[in-house]
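S.K.: This is the structure, below, for whatever I ask next.
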């Protein structure tokens with residue numbers, strides 16, 4: 001979390017979207033409640049599993065990136081069964097392109 005101030009939240013989930021560990025950036029008001037974070041993780045893993053189905057034709061999925069108006073979300077497969085989800089402020093992402 002201390003690597004970059006744009007990181008808002010980091011979660012490690014299992015293959016079912018169960019959050020194994022998570023951290024919010026200190027001093028920041030979370031955007032989602034605990035329940036919403038858990039629902040978000042389950043939905044992220046469901047989408048990840050859908051994308052993995054196409055790997056035989058498209059190649060191995062290395063990460064996914066989604067950008068909203070306030071945040072961006074990066075999902076990385078650490079192993080087949082463990083996924084890291086990172087949310088960052090969009091302002092930081094936009095500044096990289098200007």
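S.K.: Once you have a ≥ b ≥ c as the square roots of the Cα gyration tensor eigenvalues for region 7-95, tell me rounded if a/c is under 1.5, and otherwise prolate or oblate according to whether a/b is larger than b/c.
M.R.: Working: a/c = 2.20, a/b = 1.41, b/c = 1.56.
Cα axes put region 7-95 in the oblate bin.
S.K.: Per the helix-only calculation at 222 nm, which mean residue ellipticity applies to the chain, given -39500 (n - 2.57) for every DSSP H run of n ≥ 4 and division by its residues, nearest 500 deg cm²/dmol? Mind showing how you got there, number by number?
M.R.: Details: 3 runs with 29 residues, N = 98.
-8500 deg cm²/dmol, from helical runs alone.
S.K.: Assuming 0.36 nm per residue, please report the length gained on full extension of the stretch residue 90 to residue 22 beyond their Cα-Cα distance. Numbers along the way, then the final one.
M.R.: Numbers: separation 68, 0.36 × 68 = 24.48 nm, distance 2.00 nm.
Answer, rounded to one decimal: 22.5 nm.
S.K.: GNM, the chain, Cα, under 10 Å: largest mean-square fluctuation among 40, 65, 54?
M.R.: Result for the chain, Cα springs under 10 Å: 54 fluctuates most.
S.K.: Let me ask something else about it. How high is the relative contact order of region 1-90, given as a whole-number percent (alpha carbon pairs under 8 Å, six or more residues apart)?
M.R.: Values: 138 pairs, mean separation 30.0, N = 90.
Here the relative contact order equals 33 percent.
S.K.: Below 8 Å, C-alpha to C-alpha, sequence gap of six or more: please give me the relative contact order for region 2-43 in percent.
M.R.: On the way: 37 pairs, mean separation 15.3, N = 42.
Taking the mean separation of contacting Cα pairs over the length of region 2-43, I get 36 percent.
Bear in mind that the values in this text are calculations on the coordinates, not laboratory data. No experiment lies behind these values; they were computed from the predicted model shown.
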